[in-house]
Structure formats: structure tokens, C-alpha cells
Amino acid sequence: MESTVAQKLEALTKLQSIDSKLDEIIKVRGALPEEVMDLEDEVAGYETRVGNHNSAIEELELSITNNKTAIKDSEKLIQKYEEQQMNVRNNREYDAITKEVELQQLEIQILEKRIKEAHAKIESKNFEIEDTKSALLERQKDLDNKKGELDNITAESEEEEKKLLKNREKASGQIEERLLTAYNKIRGNVRNGLAVVPVKRDACGGCFNVVPPQKQAEIREKKKLIVCEHCGRVLSDVEDVIVEEKKPTRTRRTAAKKKA
């Protein structure tokens, strides 16, 4: 059975009431959730940086090991060539072997230079790791403090929030999908999260622009859904302004007559 406009408005108003209470809970948390997320990202970034530095150091240490092995191989070749020089038959063979020895000595010099450079890079990486770890420690402390604050605030409203979320799910289920989608879209487009508002003092309860009398009459009839022509919010009802009667004030003359 299709709901009447009045029932739809009642369901939307109920959902808006629940969402407003949830908004208040979130508002109390302020910027803490975003701050915690930012700090978590920053901490993760520092941890990744430390991991990258350690990986770079491992590669450098491996290159040092390989270069040392290459030096030993060159030294063995030099020893082999020097032994061959003892048995050469002519100057040409001697010169050829001497050239090979010189090439291996040059190779050793290059490898030693690479080892020295790798050690310098490792030292630099270790300094960077210490600096990064120091910054990481500071950010981790900030994160722990912010998380503690957020956890305390969340714990205070946890039960209420769970109850409201459960009620919201139930209330959402009573609203047709098309209308619920429109409601959520309006909430996403307005700053205060109010998608369903009454008319107060002849004005929209969301944007405070004047609502014409004819439009107010249509809202009271609840025969169709009326939206504010300025902000697009659903106008749920018209709140009547109760004007208190002023008590007559006694003048001094009246008071004087009574005394007489």
C-alpha cells in the first residue's frame, strides 16, 4: 500500500531528527577523526621511508660483498699472471701479461672506490634513518594522544550512536528508495545537514528565505511534497507562531485614583 504524502513527510521528518542527532555526536568529535587519519598517514609514510632506507642499505651491503669477491678474483688473476711471467719466452708475452696485470689492478682500484662510496652511502642512510625514526616517534606520540582523545569521546556516545544508527536503518526502510536518494542528496549539498525543515515565521527553516502564504497553505494541506524554491529543502510543516497576550499596564493616574 502506497504511503500518503503526510506519512512520507512524517517518515522524512523522523529520519531527519535521527540524522541531526547523529550530526551532533559527530560534531562533538570535531576535527579529531581527520587529524587521526592524517597522523596515521604520516606515521605510515615515515615507516615506509625507514623501510626503503633499510632496503637500500641491504642492496649497498650486497654490492660491497660482491665487489670484495670481485677484488679477490682479480688478486687471484694477478697472482696467476705473475707466475706466468716467470715462464715467458719473449718480451711480447711478458708485455701482454703485464698489461693484464695492470688491468686487474685498475679493476681493483675501481672496485675499492665503489666499496668506499657504498660505505659512505650506508652511513648517510643510517643518519637519515635516525632522523626519520625520531620524527616517527614524535608523530606516533601525537597519534596515540589524538587516538586516546577520540576513543574517550567515542566511548561516551557509543551506545547512543549505535541506537541511533539502528533507528536510522529502520526509518530509512520505511521511505521509498527514490525519495531516500533525494533526501541524502539534499543533505550532502547543504552545510547544516538539514534536508527536511518546517516553515518558521513565514520563512524556510533551512535557508530563511520567505515562503509565500499560498505555498504555506499547500504545505499545511500535505497533499504533495513541497520544496523550498531557494534551497531545495523539503518543507515538512508550518509552525504557527503563538503570540502571547500582553497584560494591561497600570498607569500612575490609575493607581492614584484607586488610592483615592
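The values are calculated or read from the model by the stated rules, or taken from the named source; none is laboratory data. The shown structure was predicted, so the numbers you read here are calculated from the model rather than taken from an experiment. Every residue, glycine as well, gets a Cβ built from its backbone with ideal geometry; the counts of neighbours run over all protein chains shown. Accessible surface areas use protein heavy atoms only, side chains included; no ligands, DNA or RNA. Shrake-Rupley method; radii C 1.70, N 1.55, O 1.52, S 1.80 Å.
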Next on the checklist: Looking at region 93-113, can you tell me whether even one residue there is over 35 Å from the mean Cα position of the chain (by Cα), of a type in the set (S, T, N, Q) and open to solvent by less than 70 Å² (accessible area, probe 1.4 Å)?
Outcome noted: yes
Checklist entry - Restricting to region 50-69, what's the tally of residues that are open to solvent by less than 60 Å² (accessible area, probe 1.4 Å) and either of a type in the set (Lys, Arg) or at positive phi (or both)? => result 0
Next on the checklist: Whether any residue in region 66-88 is within 30 Å of residue 48 (Cβ to Cβ), out of contact with any Lys or Arg (no Cβ under 6 Å at 6 or more places or on another chain), in a helix (DSSP H, G or I) and in contact (Cβ under 8 Å) with a residue 12 or more places away in the chain is what I want to check.
Outcome noted: no
Checklist entry - Among all residue pairs at least 6 apart or on different chains, which show Cβ distances below 7 Å where the first residue, located in region 180-194, is basic (Lys, Arg) and the second is in a helix (DSSP H, G or I)? => result 187/19
Checklist entry - Taking residue 243 and the conditions (1) more than 20 Å from residue 16 (Cα to Cα); (2) modelled with pLDDT under 95; (3) surrounded by 10 or more Cβ atoms within 10 Å (Cβ to Cβ); (4) of a type outside the set (D, E, K, R), which numbered condition does it fall short on, given that it satisfies the others? => result (3)
Item to check | Residues of region 109-154 satisfying the condition of being free of Cβ contacts under 8 Å to residues at least 12 places away in the same chain, more than 29 Å from residue 45 (Cβ to Cβ) and not basic (Lys, Arg) | outcome: 109, 110
Next on the checklist: Against the definition (open to solvent by 100 Å² or more (accessible area, probe 1.4 Å) and either closer than 30 Å to residue 24 by Cβ or not in a helix (DSSP H, G or I) (or both)), how does residue 116 come out, yes or no?
Outcome noted: no
Item to check | Selection within region 151-185 - open to solvent by less than 30 Å² (accessible area, probe 1.4 Å) and either at pLDDT 95 or above or assigned to a helix (DSSP H, G or I) (or both) | outcome: 157, 164, 171, 172, 179, 183
Item to check | Any hit, region 167-178, residues being touching a residue at least 40 places away in the same chain (Cβ under 8 Å) and over 15 Å from residue 9 (Cα atoms) | outcome: yes
Item to check | Selection from region 186-206 of residues that are in a loop (DSSP other than H, G, I, E, B) and touching a strand residue (DSSP E or B) at 6+ places or on another chain (Cβ under 7 Å) | outcome: 195, 202, 205, 206
Checklist outcome for this item: Checked against (1) open to solvent by less than 70 Å² (accessible area, probe 1.4 Å); (2) in a helix (DSSP H, G or I); (3) not aliphatic (A, V, I, L, M), residue 27 satisfies every condition except (1)
Checklist entry - Out of all the residues in region 136-195, which are of a type in the set (A, V, I, L, M, F, W, C) and closer than 30 Å to residue 4 by Cα? => result 164, 165, 171, 175, 179, 180, 182, 186, 190, 194, 195
Item to check | Yes/no for residue 199 being closer than 26 Å to residue 3 by Cβ, touching a Leu at 6+ places or on another chain (Cβ under 7 Å) and surrounded by 12 or more Cβ atoms within 10 Å (Cβ to Cβ) | outcome: yes
Next on the checklist: Residue pairs, Cβ under 7 Å, 6 or more apart or interchain, first in region 1-28 and in contact (Cβ under 8 Å) with a residue 12 or more places away in the chain and more than 13 Å from residue 180 (Cα to Cα), second of a type in the set (Lys, Arg) and not in a helix (DSSP H, G or I). List them.
Outcome noted: 5/222; 5/223; 5/224; 6/222
